[in-house]
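To keep things clear, I will list the structure first and then write my remarks on it.
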Amino acid sequence: MENQHKKSALSEVNGVNQPDSLSNAVAKRIQQKRKVIPSASELIEAIKKGDKIALSRAITLVENTNPEHLERANEVINGCLPFANKSVRIGITGVPGVGKSTFIEAFGTYLTSIGKKVAVLAVDPSSSISHGSILGDKTRMEELVKNENAFIRPSASGDSLGGVARKTRESIILCEACGFDTIIIETVGVGQSETAVHSMVDFFLLLKIAGAGDELQGIKRGIMEMADTIVINKADGDNISKAKLAKTEFNRALHLFPAKNSGWNPKVTTCSAYEKTGIDAIWSIISDYFTLVKENHFFEKKRQDQNQFWMIETINEQLKNNFYSHPEILKLLDEQKKAVQNNELSPFAAAKNLLDKYFKI
């Protein structure tokens, strides 16, 4: 009988109430501060003074898809534009698992050690099912994120093939106005995003790993042709000899590609982002590139061509957004979709009907 009255080891006992971790007064002040939405002019002035919080808020405003925020976002960008274009823009790409985040942290830390101010715009892939993103780049770059001369901004790629495309380009302008002289853009991986990022950077770096079996695959040719430098990462431990062999193979492959308009001969080098070796040599290569393209004026010409390209891209994007947000088009779109599904109308005829209607509105 006594055993029946004993409490189970799994039974709960009354514990000690934990004290409030944050006072109500402090919480109220934080909430009030967050409710205050700075004007465009206030954001511009704060960004020009190097305020990272204002920079983050401005990028969030630019990335916002709400049409009501578009005018204020454009005002901020136009206000920052005269203070931009004073940096070098470096795109970094590579297949998942190549060590992009580890490399960028080692590379960014090295750059800050020689007096550079580094902004990292990392594009994180969005799920096509849940539409969510992990945005874990700040977690992976735990040393760089604490560096006063560095700024890391992960952004979701959304449904854009080119990462965040126009939004990334506008974020570059804001970072430059904030005083960052070296902008690093990390792509989502390998594919269409490389083309978009290549059209907004001055230097394109392709990260590779030895022994992956893709050294000379023809499918990688387009990406290799875009690269200004190929870096074999993870050249440490037992992998050093493999990395040296891969370097030789890539050097041979590069000789098969046509000469670049910049007059630059792409280089191949090795490094270990984990051991932080070979990082200074990479910056030396990049510095040589910028010396060449600024002397032969390719740097300015490329920037001018990119500006024209992104003007056309912005027109295309805004036309697309306007088309799909128009109430009359949305109504007709549902009708045309059903007709196409029921084989009553061809996709091309349905598209023509929609476009004819749009241009008559």
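The values are calculated or read from the model by the stated rules, or taken from the named source; none is laboratory data. All figures in this text were calculated on a predicted structure; none of them were measured in a lab. Don't worry about glycine lacking a Cβ; one is built from the backbone with ideal geometry, like all the others, and counts go over all protein chains shown.
Among the residues of segment 302-320, is any among the polar types (S, T, N, Q), surrounded by fewer than 11 Cβ atoms within 10 Å (Cβ to Cβ) and over 26 Å from the mean Cα position of the chain (by Cα)?
No, every residue in segment 302-320 fails to be among the polar types (S, T, N, Q), surrounded by fewer than 11 Cβ atoms within 10 Å (Cβ to Cβ) and over 26 Å from the mean Cα position of the chain (by Cα).
Can you confirm whether L61 is touching a His at 6+ places or on another chain (Cβ under 7 Å), in a helix (DSSP H, G or I) and at pLDDT 90 or above?
Against the criterion (touching a His at 6+ places or on another chain (Cβ under 7 Å), in a helix (DSSP H, G or I) and at pLDDT 90 or above), L61 qualifies.
Between a first residue in segment 245-269 that is in the same structural domain as A227 (by TED's automatic domain parsing) and surrounded by 14 or more Cβ atoms within 10 Å (Cβ to Cβ) and a second residue that is in a helix (DSSP H, G or I) and not hydrophobic (A, V, I, L, M, F, W, C), which pairs have beta carbons less than 6 Å apart while being 6 or more apart in sequence or on different chains?
Correct list of pairs: W264/Y289; V268/K247; V268/N251.
How many residues does segment 223-238 hold that are under 10 Å from S272 (Cβ atoms) and of a type in the set (D, E)?
1
If you check S56, S41, S113, which single one turns out to be in the same structural domain as V201 (by TED's automatic domain parsing) and among the polar types (S, T, N, Q)?
Checking each option against the conditions leaves just S113.
If the Cβ limit is 7 Å and pairs must be 6+ apart or interchain, which residue in segment 304-330 that is in a helix (DSSP H, G or I) pairs with which residue that is loosely packed, with under 12 Cβ neighbours inside 10 Å and aliphatic (A, V, I, L, M)?
Listed pairs, sorted by first residue: E328/I361.
Within segment 76-85, is there a residue that is surrounded by fewer than 19 Cβ atoms within 10 Å (Cβ to Cβ), over 19 Å from the mean Cα position of the chain (by Cα), under 21 Å from S325 (Cβ atoms) and not hydrophobic (A, V, I, L, M, F, W, C)?
The answer is no, given that none of the residues of segment 76-85 is surrounded by fewer than 19 Cβ atoms within 10 Å (Cβ to Cβ), over 19 Å from the mean Cα position of the chain (by Cα), under 21 Å from S325 (Cβ atoms) and not hydrophobic (A, V, I, L, M, F, W, C).
With respect to T291, determine if the residue is at negative phi, exposed (fewer than 15 other Cβ atoms within 10 Å of the Cβ), among the polar types (S, T, N, Q) and at pLDDT below 90.
Spelling it out, it is not the case that T291 is at negative phi, exposed (fewer than 15 other Cβ atoms within 10 Å of the Cβ), among the polar types (S, T, N, Q) and at pLDDT below 90.
Can you pull out the strands (runs of 3 or more DSSP E) entirely within segment 120-236 that have at least 2 residues that are modelled with pLDDT of 90 or more and within 25 Å of V62 (Cα to Cα)?
150-156, 182-186, 203-209
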